[in-house]
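S.K.: Provided herewith is a single structure, encoded as structure tokens, for subsequent inquiry.
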Amino acid sequence: MAMSNKVDSYYREVPFRRHHTAPGSLAEHQCRQEQHELHTHHSSTSTGTIDEYSRMSSLHEVINKVQSQVRWCLLLAVDVLLMMWQHFKAFLSLWYKASCQGFSKNKRNMSVNSEVDTLSYCSKKWKGEALNAKQMRKAYENVYWKHNIKTLQPVKEDNYCMLRAIMFQVFSQALPFPGWMKEKDILKLPEKLLYSQGCNWIQQFSFGPEKYVGPKVYGKLRSCLDLFKNEWVDFCASKDRVERNKMCRYFFSDETKENKVYEALKFIMLYLVIEAHDNLKTEDQIPNFFHFLFSRDTSADPLSYMMNHLNMVGDTIGLEKAELCLVGYALEVKIKVLRLSKFNTEKFEMIYPLDHKRDWHEITLITDDDQHYNIPGVYH
């Protein structure tokens, strides 16, 4: 600070000294010496300023590099976080789908629903003041009060509907296994028809939506018959109603098992048709409904019956009323059908087959349209 003041004082005094100092004098010499010292100081000051500027430039360059590195690291971190988020969302999506699938598997979708109030079911299905709706409501009231059917179980509406409504009652009530099936051993029926009776055309038997399978049909039939027999035996062995209800919930939520049982029953019906047709040739007595069945052009013999009727059941059509006698005969049960569309007529309550035996158990079906069948909640 003192040097700076000295410099300033010097530059103020220089003009005065130059004007009043004699050449070659001691004063002139002193003046020149002071001027040299000041020039040296100014040079050193300038050099320091340059060095300081250089140091500042280097520091600024370092700061810029650090900022650039930090910026790059931040961008990289953002990219990594975005990538992790994308993977996390994909993982959540997969986990959600797996959870939904697991939930769907655990929540079994039964083809026979739980019991509902009969009149409530009717009021939801048959609304309005149309004549047909009023007639159906009267029919349901008759079923509720006179037939004591307070509840019913809606059955899945597909082309196995009638067979499902029948087999559900057979299993849930643990009805006895038919005696004739024990005597003949239904598991051996496919080979018996092939080798003893030469019915190789059975290879054209269709399993609902599954069409002609050729020689493999025999193995598939045995598999269906085996399941049919084992399931029935298991239900009969269960004497506890609650346990049978659990078994029904499990069985009637497994579409594969269900369909195999229905296809087994279709084949048993075919076997009885073949047997009755052979007895007809030898003039042996057969149940009356077989005469009606063979009188139709579409079922004049077992092959035409299979091709024109049985093969389409479960695929494009359901079981017809004409086959109910055959089903009852095969299972040794009396089937009562309440046809609500025929209320107040003689065809309202029908029994299949009419020539049933007295010791056969009875099951009841309820239908609005002769296509879809429900199950009464109160068994008789």
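S.K.: Among Q203, A165, P178, which residue has its Cα furthest toward the positive end of the charge dipole of segment 139-214, with +1 on Lys/Arg Cβ and -1 on Asp/Glu Cβ?
M.R.: Of the candidates, P178 comes out farthest on the positive side.
S.K.: Still on this structure, I have one more. When the distances between all Cα atoms of segment 332-380 are binned every 5 Å from zero, what whole-number percent does each bin get?
M.R.: Here the calculated profile for segment 332-380 is 5, 22, 27, 24, 18, 5.
S.K.: Evaluate the relative contact order of segment 200-321 (contact order divided by residue number), counting alpha-carbon pairs under 8 angstrom at least 6 apart; express in whole percent.
M.R.: Details: 90 pairs, mean separation 34.8, N = 122.
With pairs under 8 Å counted, the relative contact order is 29 percent.
S.K.: Starting from the Cα gyration tensor of segment 109-170, take the square roots of the eigenvalues, sort them a ≥ b ≥ c, and report rounded, prolate or oblate (rounded when a/c is under 1.5, otherwise prolate if a/b is larger than b/c, else oblate). Please list the in-between numbers first.
M.R.: Values: a/c = 2.16, a/b = 1.65, b/c = 1.31.
Here segment 109-170 falls in the prolate category.
S.K.: Gain in length, R249 to Q69, computed as 0.36 nm per residue apart minus the alpha-carbon separation, to one decimal in nm? Could you put the intermediate results ahead of the total?
M.R.: Working: separation 180, 0.36 × 180 = 64.80 nm, distance 6.65 nm.
Residue separation times 0.36 nm, minus the Cα-Cα distance, leaves 58.2 nm.
S.K.: State the volume of the convex hull built on the alpha-carbon positions of segment 106-264, expressed per residue in Å³ and rounded to an integer. If you can, show how the numbers build up before the last one.
M.R.: Details: hull volume 27.0 nm³, N = 159.
Considering the Cα atoms of segment 106-264, their hull volume per residue is 170 Å³.
S.K.: In whole Hz, what ³J(HN,Hα) sequence does segment 216-229 give by Karplus (6.51, -1.76, 1.60; θ = phi - 60°), x for Gly and Pro?
M.R.: Each residue of segment 216-229 in turn: 5, 4, 5, x, 5, 5, 4, 4, 5, 5, 5, 5, 4, 5 Hz.
S.K.: May I ask you to list the aspartates and glutamates whose Cα is less than 18 Å away from that of K281, ignoring any residue fewer than eight positions away on the same chain?
M.R.: Candidates past the 8-residue exclusion: D297, D301.
S.K.: Taking amide H positions as placed 1.01 Å from N in the peptide plane, with prolines and chain starts having none, which residues 5 or more places from L365, or on another chain, fall under 5 Å of its amide H?
M.R.: K336, V337, L338
S.K.: Classify segment 208-289: rounded, prolate or oblate, from the alpha-carbon gyration tensor (a ≥ b ≥ c, eigenvalue square roots; a/c under 1.5 rounded; otherwise prolate if a/b is larger than b/c)?
M.R.: In terms of gyration-tensor shape, oblate.
S.K.: Karplus couplings for segment 340-346 from phi (6.51 cos²θ - 1.76 cosθ + 1.60, θ = phi - 60°), rounded to Hz, Gly and Pro as x?
M.R.: Rounded to whole hertz, the list is 5, 6, 9, 4, 6, 10, 6.
S.K.: Something else: If you bin every alpha carbon distance in segment 273-359 into 10 Å steps from zero, what whole percent lands in each bin?
M.R.: Whole-percent P(r) values from 0 Å outward: 16, 42, 34, 8, 0.
S.K.: Rounded to the nearest 0.05, what FRET efficiency is calculated for W145 and H361 with R0 set to 25 Å and r the Cβ-Cβ distance? Before the final figure, lay out the partial values.
M.R.: Numbers: r = 25 Å, r/R0 = 0.98.
Efficiency, rounded to the nearest 0.05: 0.55.
S.K.: OK, next. So which of K188/K239; K146/K342; K266/K334; K229/K266 end up more than 23 Å apart by C-alpha? Each step should come with its number before you reach the end.
M.R.: On the way: K188/K239 29 Å; K146/K342 16 Å; K266/K334 18 Å; K229/K266 14 Å.
In this structure, K188/K239 exceed 23 Å between Cα atoms.
Quick note: the coordinates plus some simple rules give every number you see, no bench work behind them. The structure displayed is predicted, hence computed values, not measured ones. Methodologically, a virtual Cβ is constructed for each residue, glycine included, from the backbone with ideal geometry; neighbour enumeration extends over all protein chains shown.
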